[in-house]
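The structure appears right after this line, and notes come after that.
The numbers here are math on the coordinates, done by the rules we state, and not lab data. Computed from a prediction, not measured in an experiment: that's the story for all the values here. In this analysis, Cβ positions are derived from the backbone assuming ideal geometry, glycine residues included, and neighbour counts consider all displayed protein chains.
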There are 2 protein chains.
Amino acid sequence: MRTIKYPVREEWEGLCARPEIKREDLEKVVGKIIEEVKNEGDEAILKYSRMFDSIELADLKVTAKEIEKAASMVDKELKESIALAKSNIEKFHSSGITDEGATETVPGVVCWRENVAIQKVGLYIPGGSAPLFSTVLMLAVPATIAGCGEIILCTPPMKDGSVNPIVLYAASISGITRIFKVGGAQAIAAMALGTATIPKVFKIFGPGNQYVTKAKEMVRLMGTEIDMPAGPSEVLVIADKDADPAFVAADLLSQAEHGADSQVVLVTDSPMFAEKVGVETEIQLGNLPRRDIASKALANSLFIVLKSLDDCMEFSNYYAPEHLIISTSDPRYLAKKVVNAGSVFLGKYSCESAGDYASGTNHTLPTNRHAMVSGGVAIESFMKKITFQELTPEGIKNIGPAVEKMAEAEGLRAHKNAVTIRLASLEKE
Amino acid sequence: MRTIKYPVREEWEGLCARPEIKREDLEKVVGKIIEEVKNEGDEAILKYSRMFDSIELADLKVTAKEIEKAASMVDKELKESIALAKSNIEKFHSSGITDEGATETVPGVVCWRENVAIQKVGLYIPGGSAPLFSTVLMLAVPATIAGCGEIILCTPPMKDGSVNPIVLYAASISGITRIFKVGGAQAIAAMALGTATIPKVFKIFGPGNQYVTKAKEMVRLMGTEIDMPAGPSEVLVIADKDADPAFVAADLLSQAEHGADSQVVLVTDSPMFAEKVGVETEIQLGNLPRRDIASKALANSLFIVLKSLDDCMEFSNYYAPEHLIISTSDPRYLAKKVVNAGSVFLGKYSCESAGDYASGTNHTLPTNRHAMVSGGVAIESFMKKITFQELTPEGIKNIGPAVEKMAEAEGLRAHKNAVTIRLASLEKE
């Protein structure tokens, strides 16, 4: 880690820089995959499974029997843990649906909005070393609560052609049974365009490698919505001298083990505390199975010392972290000043892993300063608000003349006429 | 217009096709503009003003004096109309901020979200024949209510170097005084990257031509958020034999006058009614100043006859129109079945122009089937929801073991450790 003491304001922008992501060079290869899936459908998918995953699949769709078998392979204690996480995610996400009611802006003009689920959504779950069954819950649970009519899931199969049983189990208890064995850019293309086997969806959710991310960017330009742009995961911890250095070190490491490009930042008003955390981090690192990954991330990590906790908070808002942990003696004081962050963890017992798995909050969050403009995936990510309005004769009389005047001033006579013809008919009555 | 009677379901997809938008060829020219604004800042802006608008500007920023002068140039009646529209937009958009409260998912684990304004936003208002001051209200009013700290507006100057006075007036009464004389892709680039004169913003709103739209697409890939992808404007009217053919014709024309590529669709269960609307449309068209544009749009318009109003509604959901007018004897019956639409107008007196200007609803709406996944611009477009959570010792004891189990199963030991170390410290106490 690099410790920077009392950087002046001009240095902040540099300290907030994330690793530059160059995806232009992927455009050609991902574009070709999308084109082939468009033209050849399932054939292209099967070809890429052969090419990238060395698998000859007979069928892309996971069968009911496979799902049933998967459930028997997950141990009881893990099932109970998943059940608790799922229940909490359900509780928290259900609370996110709000109904603002109707507004009568002037007598006879009533306007309102209604929450309506997106009809067809696709979830992508990466394969690889760690099977992200927690992400299945984070996406499938709100999709189900929102009432999306069709929810499909794509995930790459393992070498033997099967899908990780915990992923299948988490999907099925969340009500998803249309699961397809396909990964990478070809999975994103299939969900965006549809094939004979894999249905076309309107919005695609989920993490993935650079090919998946590039494919999501490209299908968005073609009209399929995506959850959010993806970047390396991030944590920023604000801590004072009263915080526990071992707890903070554990939190920094839990971010560092995600990947070599993980962004790990400690901001404190105590140089002594920063030193203690450095020592604790080294100690805990030694015992981690993923210490090679974590130490690469730590090499790029920043320990920043500032004059006051208010300055620390200001720096955090400038950085706009995906995860913000506030481990100070009065975390609620700083919480009120949070302007840019994805998910905020208050106090010494609120570790990021709690929110990653089981507290109920979503772990699909904005990275790379996207927290400036957007929150994480939530119930409303699976819905849209449709506006309605109803005017009575009184209503059109009340606002009609203003509409006529404004339409005329914008040079849009037909807009004006639509009102004039109605007002004239009412005068005749 | 083209009348299609009782199309079978297989034909629907073709009937819903929008004109294909090819923007790939714009990438080079827009990319060059963005690059120059990045490297040369204001110099590049002034160069493009010279090149595209034939104007030599001394200063990009609109002065307080110019704003003051503009107010004196707007007539009293128009000012009153704008005041009514603004008041209604304020009322409706204020109702959109909802607070869902905190949720204690299990004892000791409290999670909640808070609405926080996006700090810096940029509004783009096109120039050209019709000065879209109504769009100024639609964007500036919710931005102000949301509490965005910095709101700037870019709009191209007229030939004499001044900005349309009604645009300036609408901006200033909405609280926006940082207005810059710049249009096109260079305006989008300036707001995304910042120049010496024009501040960098985090999210850009507003309509524009194909260069503006392409620039918005491109800066989004570079990390600046945009409101939504833009396409030609659309209306779909569902009407039965009880509707007024003259009203419906007026509504179709008010859409048609927007541009030659406007999408105009009538869906009805009565072939006779469709015929009547056709006749009325021809009559009203003759009197329009923009009849050349409107007749081009009408040439591509569709009159679709289906067996029942339920079928009409199903077709509309399949089409996912930006604007949906339901002019039937029982509009509330069909309203309940709306699944995909941007803004819905119920009953014979609810014309689209009411919502375009003054009812209070927003007129920045999803086109090109984007209504499948998204609503229009609203108060929440200028805010984000930040998630918070706070765990007590009881809370971490309640969910900690589940987190440990799940993290272990995902192969993320450091995630597990962050809990283990806390549970261990509590046992010691």
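At 7 Å along the Cα-to-beta-carbon direction for both A:Asp242 and A:Thr392, put a label point, then send me their distance in nm to one decimal.
Going from the A:Asp242 label point to the A:Thr392 one covers 5.9 nm.
Which order do the peptides B:77-86, A:185-194, A:198-207 take when ranked by the mean count of other beta-carbon atoms within 10 Å per residue, highest first?
Packing order, densest peptide first, comes out as A:185-194, A:198-207, B:77-86.
In a Gaussian network model over chain A where Cα atoms closer than 10 Å are linked, find which of A:Glu36, A:Glu404, A:Glu390 has the largest mean-square fluctuation.
Among A:Glu36, A:Glu404, A:Glu390, the largest mean-square fluctuation in the Gaussian network model of chain A belongs to A:Glu404.
With the Cα gyration tensor of the protein assembly as shown giving a ≥ b ≥ c as the square roots of its eigenvalues, does the rule (a/c under 1.5 for rounded; else a/b larger than b/c for prolate; else oblate) give rounded, prolate or oblate? It would help to have the intermediate numbers written out before the result.
Details: a/c = 1.89, a/b = 1.44, b/c = 1.32.
The shape class here is prolate.
Taking Cα centroids, how far is the range A:6-20 from the range B:381-395 in Å?
26
Taking chain A as a Gaussian network, where each spring joins two C-alpha atoms under 10 Å apart, which residue of A:Val121, A:Val62, A:Val136 fluctuates the most?
Top of the fluctuation ranking is A:Val62.
Fewest Cβ neighbours within 10 Å first, please rank A:Ser327, B:Ser270 accordingly. List each step's numbers first, then the result.
On the way: A:Ser327 25, B:Ser270 17.
Lowest count first: B:Ser270, A:Ser327.
Sort A:Ile97, B:Ile396 so the one with the fewest other Cβ atoms within 10 Å of its own Cβ comes first. Kindly include the intermediate steps, with their values, before the conclusion.
On the way: A:Ile97 17, B:Ile396 25.
Listing A:Ile97, B:Ile396 from fewest to most nearby Cβ atoms yields A:Ile97, B:Ile396.
Among the listed pairs A:Lys47/A:Lys200; B:Lys69/B:Lys159; A:Lys69/A:Lys203, give every one whose C-alpha distance is greater than 24 Å. Walk me through the numbers before you get to the answer.
Details: A:Lys47/A:Lys200 19 Å; B:Lys69/B:Lys159 18 Å; A:Lys69/A:Lys203 30 Å.
Going by Cα-Cα distance, A:Lys69/A:Lys203 fall outside the 24 Å limit.
Determine the shape class of chain B: with a ≥ b ≥ c the square roots of the Cα gyration tensor eigenvalues, call it rounded for a/c under 1.5, and otherwise prolate if a/b is greater than b/c, oblate otherwise. Don't skip to the end; give the middle numbers.
Working: a/c = 1.95, a/b = 1.24, b/c = 1.57.
Here chain B falls in the oblate category.
In nm, what is the difference between 0.36 nm times the number of residues separating A:Lys307 and A:Glu20 and their Cα-Cα distance?
On the way: separation 287, 0.36 × 287 = 103.32 nm, distance 2.95 nm.
Taking 0.36 nm per residue and subtracting the Cα distance, the gain is 100.4 nm.
Mark the label point 7 Å from the Cα of A:Met222 along Cα→Cβ and return the residues of the range B:365-402 whose backbone N is within less than 17 Å of it.
Residues B:369-370 qualify, since their backbone N sits under 17 Å from the label point.
From other protein chains only, count the Cβ atoms within 10 Å of every residue's Cβ in B:242-252, then give the mean. Write down the numbers at each step before the final one.
Values: counts 0, 0, 3, 0, 6, 4, 1, 4, 9, 6, 2.
That works out to 3 on average.
Mean-square fluctuation check for chain B, GNM, Cα pairs under 10 Å: which of B:Asp75, B:Asp227, B:Asp292 is largest?
For chain B, modelled as a Gaussian network with Cα springs under 10 Å, the answer is B:Asp75.
Past the 29 Å Cα-Cα mark, which pairs from A:Lys384/B:Lys22; A:Lys241/A:Lys336; B:Lys120/B:Lys214; A:Lys384/B:Lys397; A:Lys241/B:Lys384; A:Lys397/B:Lys91?
Values: A:Lys384/B:Lys22 27 Å; A:Lys241/A:Lys336 20 Å; B:Lys120/B:Lys214 21 Å; A:Lys384/B:Lys397 37 Å; A:Lys241/B:Lys384 32 Å; A:Lys397/B:Lys91 19 Å.
Cα-Cα > 29 Å for A:Lys384/B:Lys397; A:Lys241/B:Lys384; rest within.
What are the residues whose amide H is under 5 Å from the amide H of B:Ile4, where those residues sit 5 or more places off or on another chain and H is modelled from the backbone?
B:Phe303, B:Ile304, B:Val305
From Cα pairs below 8 angstrom and at least 6 apart in sequence, can you work out the relative contact order of the range B:232-375, rounded to a whole percent?
Working: 289 pairs, mean separation 38.7, N = 144.
Over the range B:232-375, the number comes to 27 percent.
Suppose every K and R has +1 on its Cβ and every D and E has -1 on its Cβ; what is the size of the dipole of the range A:232-375 about the Cα centre, in Debye to the nearest 20?
Details: 11 positive and 19 negative charges, 36 e Å.
For this selection, approximately 180 debye.
Please work out the FRET efficiency for the pair B:Arg9 and A:Met272, using the Cβ-Cβ distance as r and a Förster radius of 51 Å; give the result to the nearest 0.05.
Details: r = 72 Å, r/R0 = 1.41.
After rounding to 0.05, the efficiency reads 0.10.
Would you work out which of A:Thr177, A:Leu365, A:Ala85 lies farthest towards the positive end of the dipole of chain A? Charges go on Cβ: Lys and Arg +1, Asp and Glu -1.
My answer, from the dipole projection, is A:Thr177.
With contacts defined as alpha carbon pairs under 8 Å and 6 or more residues apart, what's the relative contact order of chain B in percent? Kindly include the intermediate steps, with their values, before the conclusion.
Values: 807 pairs, mean separation 87.8, N = 429.
Dividing the mean separation by the residue count of chain B yields 20 percent.
Starting from the Cα gyration tensor of the range B:21-121, take the square roots of the eigenvalues, sort them a ≥ b ≥ c, and report rounded, prolate or oblate (rounded when a/c is under 1.5, otherwise prolate if a/b is larger than b/c, else oblate). Intermediate results must be reported in sequence, preceding the final value.
Working: a/c = 2.71, a/b = 1.40, b/c = 1.94.
The shape class here is oblate.
Show that you can apply the helix-only estimate: for the protein assembly as shown, add -39,500 (n - 2.57) for every DSSP H stretch of four or more residues, divide by all residues, and state [θ] at 222 nm to the nearest 500. Don't skip to the end; give the middle numbers.
Details: 34 runs with 396 residues, N = 858.
Theoretical 222 nm ellipticity from helices: -14000 deg cm²/dmol.
Across the residues of B:93-106, average count of Cβ atoms on other protein chains within 10 Å? The partial results should precede the final answer.
Numbers: counts 2, 2, 8, 6, 2, 6, 1, 7, 2, 2, 10, 3, 13, 7.
For peptide B:93-106, the averaged partner shielding equals 5.
Which of the helices in chain B meet the span-like rule: DSSP H, Cα axial reach of 18 Å or more, Kyte-Doolittle mean at least 0.0?
Values: long enough: B:27-40 (19 Å, -0.57); B:76-94 (27 Å, -0.64); B:133-146 (20 Å, 1.91); B:271-285 (21 Å, 0.17); B:393-409 (24 Å, -0.31); B:413-428 (22 Å, -0.42).
Qualifying helices, which must be both long enough and hydrophobic enough, are B:133-146, B:271-285.
How crowded by other chains is B:261-271, given as the mean number of beta carbons from other chains within 10 Å of each beta carbon? Can you show the working numbers first?
Numbers: counts 0, 0, 0, 0, 0, 0, 0, 0, 0, 0, 0.
Per residue, the average neighbour count from other chains is 0.
Quick check on the exposure proxy: order A:Cys312, A:Cys16, A:Cys148 from fewest to most C-beta atoms within 10 angstrom. Let's see the in-between values first.
Working: A:Cys312 25, A:Cys16 18, A:Cys148 21.
With the fewest neighbours first, A:Cys312, A:Cys16, A:Cys148 line up as A:Cys16, A:Cys148, A:Cys312.
Expressed as a whole number of Å, what is the distance separating the alpha-carbon centroids of the range A:267-308 and the range A:407-429?
68
Out of all DSSP beta bridges with both ends in the protein assembly as shown, state the antiparallel percent to the nearest 5.
Values: 26 of 108 bridges.
Close to 25 percent.
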